[in-house]
Amino acid sequence: MNNNNASTIRLSRSVLGDEEKNAVMRVLDKGFLGMGSEVQAFEQELATFIGTDRPVHCVNTGTSALHLAVEALGIGPGDEVLVPSITYVASFQAVAATGATAVACDVRSDSVYLDVEDAARRVTPRTRAIMPVHYASNVAGVEDVYHLARAKGLRVIEDAAHAFGCRRGNEMVGSTGDIVCFSFDGIKNITSGEGGAVVTGDADIAQYVATARLLGVENDTQKRFSGERSWVFDVLHQGHRHHMSDIMAAIGRAQLKKIGHFGATRRELATGYAAAFGQVEGLTLFDFDYSSSIPHIFPLRVRNGKRDGLMDHLRASGIQCGLHYGPNHLLSYFKTEYALPTAEKLGRELISLPLHPMVSLDDQQRVVTAVQDYLHRHD
(Lines give C-alpha, C1' and ligand atoms only; values in the text may rest on other atoms or scores of the structure.)
Protein backbone atom coordinates (compact mmCIF):
# COMPACT_ATOMS: atom_id res chain seq x y z
CA MET A 1 0.00 0.00 0.00
CA ASN A 2 1.38 3.46 -0.83
CA ASN A 3 0.61 6.99 0.24
CA ASN A 4 -1.59 7.62 -2.78
CA ASN A 5 -3.96 4.81 -1.83
CA ALA A 6 -7.50 5.88 -0.98
CA SER A 7 -7.17 4.26 2.45
CA THR A 8 -4.07 6.23 3.42
CA ILE A 9 -4.36 7.72 6.89
CA ARG A 10 -3.14 11.28 6.62
CA LEU A 11 -0.85 12.85 9.18
CA SER A 12 -2.82 16.10 9.16
CA ARG A 13 -5.41 17.83 7.03
CA SER A 14 -7.84 20.71 6.79
CA VAL A 15 -11.37 19.88 7.93
CA LEU A 16 -13.81 21.96 5.91
CA GLY A 17 -17.50 21.77 5.09
CA ASP A 18 -20.43 23.68 3.65
CA GLU A 19 -20.07 26.36 6.33
CA GLU A 20 -16.67 27.41 5.00
CA LYS A 21 -17.84 27.21 1.39
CA ASN A 22 -20.85 29.41 2.17
CA ALA A 23 -18.62 31.87 4.03
CA VAL A 24 -16.33 32.24 1.01
CA MET A 25 -19.34 32.72 -1.28
CA ARG A 26 -20.63 35.43 1.05
CA VAL A 27 -17.42 37.36 0.48
CA LEU A 28 -17.38 36.71 -3.25
CA ASP A 29 -20.97 37.93 -3.53
CA LYS A 30 -19.97 41.16 -1.79
CA GLY A 31 -17.27 41.69 -4.40
CA PHE A 32 -14.74 42.95 -1.84
CA LEU A 33 -11.94 40.45 -1.30
CA GLY A 34 -9.30 42.41 0.63
CA MET A 35 -9.11 43.32 4.30
CA GLY A 36 -12.49 44.60 5.42
CA SER A 37 -15.49 43.86 7.61
CA GLU A 38 -14.91 40.09 7.74
CA VAL A 39 -11.43 40.60 9.20
CA GLN A 40 -12.83 43.08 11.70
CA ALA A 41 -15.51 40.58 12.77
CA PHE A 42 -13.00 37.72 12.99
CA GLU A 43 -10.72 39.79 15.22
CA GLN A 44 -13.62 40.63 17.53
CA GLU A 45 -14.79 37.01 17.66
CA LEU A 46 -11.27 35.80 18.41
CA ALA A 47 -10.98 38.26 21.29
CA THR A 48 -14.34 37.11 22.68
CA PHE A 49 -13.31 33.46 22.41
CA ILE A 50 -9.97 34.09 24.10
CA GLY A 51 -11.73 36.12 26.76
CA THR A 52 -9.72 39.30 26.46
CA ASP A 53 -10.27 42.99 25.88
CA ARG A 54 -6.81 43.20 24.36
CA PRO A 55 -6.79 43.88 20.62
CA VAL A 56 -6.34 40.96 18.24
CA HIS A 57 -4.66 41.82 14.94
CA CYS A 58 -4.96 39.26 12.16
CA VAL A 59 -2.26 38.79 9.54
CA ASN A 60 -1.69 36.55 6.54
CA THR A 61 0.45 33.86 8.22
CA GLY A 62 1.69 32.80 11.62
CA THR A 63 5.21 33.57 10.45
CA SER A 64 4.13 37.12 9.66
CA ALA A 65 2.74 37.39 13.18
CA LEU A 66 6.12 36.42 14.65
CA HIS A 67 8.00 38.69 12.25
CA LEU A 68 5.88 41.72 13.13
CA ALA A 69 6.14 40.97 16.85
CA VAL A 70 9.94 40.90 16.69
CA GLU A 71 10.08 44.01 14.51
CA ALA A 72 7.60 45.88 16.72
CA LEU A 73 10.07 45.59 19.60
CA GLY A 74 12.65 47.49 17.58
CA ILE A 75 14.79 44.37 17.27
CA GLY A 76 17.16 44.33 14.31
CA PRO A 77 20.77 43.88 13.21
CA GLY A 78 23.10 43.23 16.14
CA ASP A 79 20.29 42.04 18.41
CA GLU A 80 19.61 38.48 19.56
CA VAL A 81 16.45 36.51 20.31
CA LEU A 82 16.56 33.21 22.23
CA VAL A 83 14.64 30.43 20.42
CA PRO A 84 14.36 26.68 21.15
CA SER A 85 16.14 24.64 18.49
CA ILE A 86 13.23 22.19 18.16
CA THR A 87 10.56 24.22 16.38
CA TYR A 88 9.46 24.80 12.83
CA VAL A 89 12.01 26.90 10.96
CA ALA A 90 9.45 29.73 10.77
CA SER A 91 10.39 30.76 14.31
CA PHE A 92 14.02 31.24 13.25
CA GLN A 93 13.17 32.88 9.92
CA ALA A 94 10.88 35.41 11.59
CA VAL A 95 13.80 36.62 13.70
CA ALA A 96 16.25 36.54 10.80
CA ALA A 97 13.86 38.60 8.65
CA THR A 98 14.50 41.59 10.94
CA GLY A 99 18.27 41.25 10.60
CA ALA A 100 18.56 39.97 14.17
CA THR A 101 20.11 36.65 15.21
CA ALA A 102 18.04 33.72 16.42
CA VAL A 103 20.12 32.10 19.17
CA ALA A 104 19.34 28.39 19.33
CA CYS A 105 18.73 26.95 22.80
CA ASP A 106 18.33 23.41 24.02
CA VAL A 107 14.99 21.91 25.02
CA ARG A 108 13.68 19.74 27.83
CA SER A 109 13.60 16.02 27.17
CA ASP A 110 10.24 15.54 28.90
CA SER A 111 8.29 18.19 26.99
CA VAL A 112 10.45 19.62 24.14
CA TYR A 113 9.88 23.00 25.81
CA LEU A 114 12.60 25.61 25.98
CA ASP A 115 15.27 24.69 28.54
CA VAL A 116 15.45 27.91 30.55
CA GLU A 117 18.73 26.94 32.19
CA ASP A 118 20.38 26.58 28.80
CA ALA A 119 18.69 29.78 27.60
CA ALA A 120 20.01 31.69 30.62
CA ARG A 121 23.55 30.69 29.71
CA ARG A 122 23.08 32.19 26.24
CA VAL A 123 21.97 35.65 27.37
CA THR A 124 24.39 38.36 26.28
CA PRO A 125 24.25 42.17 26.28
CA ARG A 126 22.75 41.84 22.77
CA THR A 127 19.82 39.66 23.87
CA ARG A 128 16.53 41.52 23.53
CA ALA A 129 13.80 38.87 23.69
CA ILE A 130 13.00 35.23 24.26
CA MET A 131 10.61 33.23 22.06
CA PRO A 132 9.18 30.16 23.82
CA VAL A 133 7.36 27.76 21.50
CA HIS A 134 4.23 26.00 22.78
CA TYR A 135 5.31 22.73 21.21
CA ALA A 136 2.48 20.24 20.60
CA SER A 137 0.07 22.69 22.29
CA ASN A 138 1.86 22.34 25.63
CA VAL A 139 2.25 25.59 27.60
CA ALA A 140 3.73 24.11 30.78
CA GLY A 141 7.08 25.78 31.28
CA VAL A 142 6.11 29.24 30.09
CA GLU A 143 6.09 30.62 33.65
CA ASP A 144 9.76 29.68 33.95
CA VAL A 145 10.38 31.61 30.73
CA TYR A 146 8.71 34.72 32.15
CA HIS A 147 10.75 34.39 35.33
CA LEU A 148 13.94 34.36 33.26
CA ALA A 149 12.71 37.26 31.14
CA ARG A 150 11.99 39.39 34.21
CA ALA A 151 15.37 38.56 35.71
CA LYS A 152 17.22 39.51 32.51
CA GLY A 153 15.04 42.39 31.33
CA LEU A 154 13.84 40.61 28.19
CA ARG A 155 10.59 40.77 26.24
CA VAL A 156 8.67 37.55 25.59
CA ILE A 157 7.15 36.59 22.24
CA GLU A 158 5.10 33.42 22.65
CA ASP A 159 5.06 31.28 19.51
CA ALA A 160 1.59 29.84 20.11
CA ALA A 161 1.15 28.45 16.59
CA HIS A 162 0.17 25.08 18.10
CA ALA A 163 -1.78 26.45 21.04
CA PHE A 164 -4.89 28.26 19.85
CA GLY A 165 -7.78 27.22 22.06
CA CYS A 166 -5.53 25.95 24.84
CA ARG A 167 -5.59 27.01 28.48
CA ARG A 168 -2.92 28.15 30.88
CA GLY A 169 -4.47 27.40 34.22
CA ASN A 170 -7.92 28.99 34.13
CA GLU A 171 -7.06 31.43 31.32
CA MET A 172 -6.99 31.00 27.58
CA VAL A 173 -3.63 31.28 25.86
CA GLY A 174 -3.53 34.82 24.49
CA SER A 175 -5.57 36.40 27.28
CA THR A 176 -2.37 37.09 29.22
CA GLY A 177 1.32 37.29 28.41
CA ASP A 178 3.57 39.83 26.75
CA ILE A 179 3.11 39.18 23.01
CA VAL A 180 1.30 36.04 21.79
CA CYS A 181 1.33 34.89 18.16
CA PHE A 182 -1.09 32.36 16.65
CA SER A 183 -1.19 30.50 13.35
CA PHE A 184 -4.31 29.59 11.37
CA ASP A 185 -2.74 27.72 8.48
CA GLY A 186 -4.46 24.77 6.83
CA ILE A 187 -3.67 22.15 9.47
CA LYS A 188 -3.79 24.11 12.72
CA ASN A 189 -6.48 23.82 15.42
CA ILE A 190 -8.59 26.15 13.30
CA THR A 191 -7.71 27.41 9.85
CA SER A 192 -8.36 30.46 7.76
CA GLY A 193 -6.60 28.84 4.81
CA GLU A 194 -3.49 30.68 5.83
CA GLY A 195 -3.37 33.28 8.53
CA GLY A 196 -2.22 34.29 11.97
CA ALA A 197 -2.79 36.79 14.73
CA VAL A 198 -0.90 38.90 17.25
CA VAL A 199 -2.35 39.59 20.71
CA THR A 200 -0.68 41.91 23.20
CA GLY A 201 -1.52 44.23 26.04
CA ASP A 202 1.22 46.63 24.96
CA ALA A 203 -0.61 49.42 23.16
CA ASP A 204 2.49 50.58 21.27
CA ILE A 205 3.23 47.07 19.99
CA ALA A 206 -0.41 46.55 19.01
CA GLN A 207 -0.47 49.82 17.08
CA TYR A 208 2.77 48.97 15.30
CA VAL A 209 1.42 45.60 14.19
CA ALA A 210 -1.86 47.13 13.01
CA THR A 211 0.02 49.64 10.85
CA ALA A 212 2.98 47.54 9.71
CA ARG A 213 0.73 44.78 8.33
CA LEU A 214 -0.64 47.37 5.87
CA LEU A 215 2.69 48.57 4.48
CA GLY A 216 3.09 51.03 7.33
CA VAL A 217 0.25 53.26 6.11
CA GLU A 218 -0.92 55.27 9.10
CA ASN A 219 -4.52 54.74 10.29
CA ASP A 220 -5.40 52.49 7.34
CA THR A 221 -6.98 49.67 9.38
CA GLN A 222 -10.19 51.50 10.31
CA LYS A 223 -10.67 52.80 6.80
CA ARG A 224 -10.43 49.30 5.36
CA PHE A 225 -12.86 48.02 7.97
CA SER A 226 -15.27 50.66 6.65
CA GLY A 227 -14.79 49.57 3.06
CA GLU A 228 -12.49 52.47 2.22
CA ARG A 229 -8.76 52.97 1.90
CA SER A 230 -6.23 55.72 2.47
CA TRP A 231 -5.22 57.81 -0.54
CA VAL A 232 -3.41 60.59 1.26
CA PHE A 233 -1.32 59.23 4.11
CA ASP A 234 1.98 59.16 5.96
CA VAL A 235 4.36 56.24 6.62
CA LEU A 236 6.53 56.38 9.74
CA HIS A 237 8.28 52.99 9.72
CA GLN A 238 8.91 49.81 7.77
CA GLY A 239 5.76 48.06 6.64
CA HIS A 240 4.82 44.82 4.95
CA ARG A 241 1.97 43.33 3.00
CA HIS A 242 1.06 41.04 5.87
CA HIS A 243 -2.66 41.75 6.30
CA MET A 244 -5.40 39.10 6.24
CA SER A 245 -8.05 39.07 3.50
CA ASP A 246 -11.82 38.87 4.00
CA ILE A 247 -11.87 35.47 2.29
CA MET A 248 -9.43 34.11 4.87
CA ALA A 249 -11.30 35.71 7.75
CA ALA A 250 -14.65 34.29 6.56
CA ILE A 251 -13.18 30.77 6.62
CA GLY A 252 -11.72 31.43 10.06
CA ARG A 253 -15.05 32.62 11.43
CA ALA A 254 -16.75 29.43 10.27
CA GLN A 255 -13.93 27.33 11.76
CA LEU A 256 -14.09 29.12 15.12
CA LYS A 257 -17.66 27.89 15.57
CA LYS A 258 -16.39 24.30 15.28
CA ILE A 259 -13.49 24.46 17.71
CA GLY A 260 -15.43 22.69 20.44
CA HIS A 261 -15.85 19.61 18.25
CA PHE A 262 -12.31 19.87 16.88
CA GLY A 263 -10.87 20.11 20.36
CA ALA A 264 -12.84 17.20 21.80
CA THR A 265 -11.85 14.94 18.89
CA ARG A 266 -8.17 15.85 19.11
CA ARG A 267 -8.11 15.29 22.88
CA GLU A 268 -9.80 11.90 22.51
CA LEU A 269 -7.25 10.80 19.92
CA ALA A 270 -4.27 12.06 21.91
CA THR A 271 -5.39 10.37 25.13
CA GLY A 272 -6.07 7.19 23.15
CA TYR A 273 -2.54 7.15 21.77
CA ALA A 274 -1.10 7.86 25.21
CA ALA A 275 -3.02 4.96 26.73
CA ALA A 276 -1.97 2.60 23.95
CA PHE A 277 1.72 3.47 24.01
CA GLY A 278 2.32 4.20 27.67
CA GLN A 279 3.84 0.79 28.41
CA VAL A 280 5.28 -0.08 24.99
CA GLU A 281 8.96 -1.00 25.13
CA GLY A 282 11.07 1.28 22.97
CA LEU A 283 8.71 4.28 23.10
CA THR A 284 8.79 7.34 25.37
CA LEU A 285 5.80 9.65 25.75
CA PHE A 286 6.02 13.31 26.63
CA ASP A 287 4.60 14.82 29.81
CA PHE A 288 1.62 16.64 28.32
CA ASP A 289 -1.65 17.63 30.02
CA TYR A 290 -4.32 17.00 27.38
CA SER A 291 -7.14 18.19 29.64
CA SER A 292 -6.16 21.83 29.13
CA SER A 293 -5.04 21.70 25.52
CA ILE A 294 -6.22 21.10 21.99
CA PRO A 295 -3.41 18.85 20.74
CA HIS A 296 -2.15 20.01 17.36
CA ILE A 297 0.24 17.06 16.90
CA PHE A 298 0.98 13.80 18.68
CA PRO A 299 4.75 13.34 18.94
CA LEU A 300 6.62 10.62 20.77
CA ARG A 301 10.16 9.27 20.95
CA VAL A 302 11.29 6.02 19.34
CA ARG A 303 14.39 4.77 21.13
CA ASN A 304 17.22 2.42 20.19
CA GLY A 305 17.72 3.73 16.65
CA LYS A 306 14.38 2.38 15.38
CA ARG A 307 12.70 5.67 14.45
CA ASP A 308 13.56 5.72 10.74
CA GLY A 309 12.64 2.06 10.28
CA LEU A 310 9.28 2.65 11.97
CA MET A 311 8.60 5.64 9.73
CA ASP A 312 9.34 3.54 6.63
CA HIS A 313 7.06 0.77 7.93
CA LEU A 314 4.18 3.16 8.60
CA ARG A 315 4.46 4.77 5.17
CA ALA A 316 4.53 1.35 3.49
CA SER A 317 1.37 0.53 5.46
CA GLY A 318 -0.45 3.58 4.14
CA ILE A 319 0.00 5.62 7.31
CA GLN A 320 1.54 9.05 7.02
CA CYS A 321 3.88 10.16 9.79
CA GLY A 322 6.05 13.20 10.38
CA LEU A 323 9.00 14.65 12.25
CA HIS A 324 8.15 17.70 14.35
CA TYR A 325 10.93 18.88 14.19
CA GLY A 326 14.58 18.55 13.28
CA PRO A 327 17.00 20.79 15.24
CA ASN A 328 17.30 24.18 13.56
CA HIS A 329 20.83 24.70 14.85
CA LEU A 330 21.99 21.94 12.48
CA LEU A 331 20.55 23.65 9.37
CA SER A 332 23.15 25.30 7.15
CA TYR A 333 21.71 28.81 7.50
CA PHE A 334 21.34 28.64 11.30
CA LYS A 335 24.20 26.26 12.15
CA THR A 336 25.89 26.83 15.49
CA GLU A 337 29.41 26.12 16.66
CA TYR A 338 28.03 24.62 19.86
CA ALA A 339 26.11 21.40 20.47
CA LEU A 340 22.64 21.10 21.95
CA PRO A 341 22.59 17.48 23.16
CA THR A 342 18.92 17.06 23.99
CA ALA A 343 17.70 18.69 20.79
CA GLU A 344 20.08 16.58 18.74
CA LYS A 345 18.95 13.37 20.43
CA LEU A 346 15.31 14.27 19.94
CA GLY A 347 16.01 15.00 16.29
CA ARG A 348 16.97 11.33 15.90
CA GLU A 349 14.02 9.96 17.89
CA LEU A 350 10.94 12.12 17.26
CA ILE A 351 8.00 10.87 15.24
CA SER A 352 4.51 12.36 14.87
CA LEU A 353 1.43 10.18 14.32
CA PRO A 354 -1.81 11.07 12.51
CA LEU A 355 -3.89 13.52 14.55
CA HIS A 356 -6.81 15.51 13.16
CA PRO A 357 -10.62 15.39 13.43
CA MET A 358 -10.94 13.10 10.40
CA VAL A 359 -8.97 10.29 12.05
CA SER A 360 -11.53 7.68 13.14
CA LEU A 361 -11.09 5.35 16.08
CA ASP A 362 -10.64 2.52 13.56
CA ASP A 363 -7.91 4.55 11.86
CA GLN A 364 -6.25 5.09 15.19
CA GLN A 365 -6.32 1.40 16.02
CA ARG A 366 -4.71 0.70 12.66
CA VAL A 367 -1.90 3.14 13.53
CA VAL A 368 -1.45 1.64 17.01
CA THR A 369 -1.32 -1.90 15.66
CA ALA A 370 1.22 -0.96 12.99
CA VAL A 371 3.51 0.69 15.53
CA GLN A 372 3.24 -2.19 18.01
CA ASP A 373 3.79 -4.83 15.32
CA TYR A 374 6.94 -3.15 14.04
CA LEU A 375 8.47 -2.75 17.48
CA HIS A 376 7.59 -6.32 18.43
CA ARG A 377 9.25 -7.69 15.28
CA HIS A 378 12.37 -5.59 15.90
CA ASP A 379 12.96 -6.31 19.58
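The values are calculated or read from the model by the stated rules, or taken from the named source; none is laboratory data. Note that the structure is a prediction, hence the values are computed from the model and not measured. Note: ideal-geometry Cβ built from the backbone for every residue, glycine included; neighbour counts use all protein chains shown. With ligands, DNA and RNA removed, areas are computed over all heavy atoms of the protein, side chains included. Shrake-Rupley method; radii C 1.70, N 1.55, O 1.52, S 1.80 Å.
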Efficiency of FRET from Cβ geometry, Glu19 and Ala339, R₀ 56 Å, rounded to 0.05: 0.70
For the range 326-375, which trypsin sites (Lys or Arg not before Pro) pass both filters: DSSP loop (anything but H, G, I, E, B) and at most 14 other C-beta atoms within 10 Å? Lys335
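So which of Lys306/Lys335; Lys188/Lys223; Lys21/Lys258; Lys21/Lys223; Lys188/Lys306 end up more than 19 Å apart by C-alpha? Could you put the intermediate results ahead of the total?
Values: Lys306/Lys335 26 Å; Lys188/Lys223 30 Å; Lys21/Lys258 14 Å; Lys21/Lys223 27 Å; Lys188/Lys306 28 Å.
Cα-Cα > 19 Å for Lys306/Lys335; Lys188/Lys223; Lys21/Lys223; Lys188/Lys306; rest within.
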Histogram of C-alpha separations across the range 1-77, 5 Å bin width, %: 3, 11, 12, 15, 18, 13, 11, 10, 6, 2, 0
Give the share of C-alpha pairs in each 5 angstrom bin for the range 1-140, from 0 to the last occupied bin, in whole percents, shortest bins first. 2, 8, 12, 13, 15, 14, 13, 11, 7, 4, 1, 0
To the nearest 10 square angstrom, what accessible area does Val59 show with a 1.4 Å probe? 0 Å²
Note: the range 224-341 at 4 °C, 1.567 mPa s; Kirkwood Rh on alpha carbon pairs; Stokes-Einstein D in µm²/s works out to 67 µm²/s
In Å², nearest 10: area of Cys321 left accessible to a 1.4 Å probe: 20 Å²
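I need the per residue convex hull volume for the range 64-194, using only the alpha carbons, in cubic angstrom as a whole number.
Numbers: hull volume 12.7 nm³, N = 131.
Taking the convex hull of the Cα positions in the range 64-194, it is 97 Å³ per residue.
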Per-residue HN-Hα couplings for the range 80-85, Karplus 6.51 cos²θ - 1.76 cosθ + 1.60 at θ = phi - 60°, whole Hz, x for Gly and Pro? 10, 10, 7, 9, x, 5
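Rounded to two decimals, what is the ratio between the C-alpha radius of gyration of the chain and 2.2 N^0.38 Å? Could the numbers behind the result be given before it?
On the way: Rg = 21.0 Å, N = 379, 2.2 N^0.38 = 21.0 Å.
Dividing the Cα Rg of the chain by 2.2 N^0.38 Å gives 1.00.
So what is Rg over Rh here for the range 281-354, counting just Cα atoms and using Kirkwood for Rh? Walk me through the numbers on the way to the answer.
Working: Rg = 13.9 Å, Rh = 13.7 Å.
That ratio equals 1.01.
Report, for the chain, the % of DSSP beta bridges that are antiparallel, rounded to 5. Each step should come with its number before you reach the end.
Details: 23 of 38 bridges.
Around 60 percent antiparallel, to the nearest 5.
Hey, got a sec? Which chymotrypsin sites (Phe, Trp or Tyr not before Pro) in the range 200-252 land in a DSSP loop and have at most 12 other Cβ atoms within 10 Å?
Trp231
Quick one: length gained pulling Leu33 to Asp202 fully straight, 0.36 nm per residue minus the C-alpha distance? Don't skip to the answer; put the middle values down first.
Numbers: separation 169, 0.36 × 169 = 60.84 nm, distance 3.00 nm.
Going from the current span to full extension adds 57.8 nm.
Could you tell me the convex hull volume per residue, in Å³, taken over the Cα atoms of the range 174-239? Numbers along the way, then the final one.
Working: hull volume 7.3 nm³, N = 66.
Convex hull of Cα atoms, per residue: 111 Å³.
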Kirkwood-based shape ratio for the range 70-147, expressed as Rg/Rh from alpha carbons: 0.95
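Keeping all protein chains in place and using 1.4 angstrom, which order do Asp362, Asp106, Asp115 fall into by accessible surface area, from largest down?
Asp362, Asp115, Asp106
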Please go through the range 254-361 and write out the chymotrypsin sites (Phe, Trp or Tyr not before Pro) that DSSP classes as loop and that have at most 16 other C-beta atoms within 10 Å. Tyr333, Tyr338
Along the Cα-to-Cβ line of Arg150, 7 Å from the Cα, sits a label point; which residues in the range 73-98 have backbone N less than 15 Å from it? none
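From Cα pairs below 8 angstrom and at least 6 apart in sequence, can you work out the relative contact order of the range 240-379, rounded to a whole percent? All intermediate terms of the calculation are to be shown ahead of the outcome.
Values: 136 pairs, mean separation 39.9, N = 140.
RCO, the range 240-379: 29 percent.
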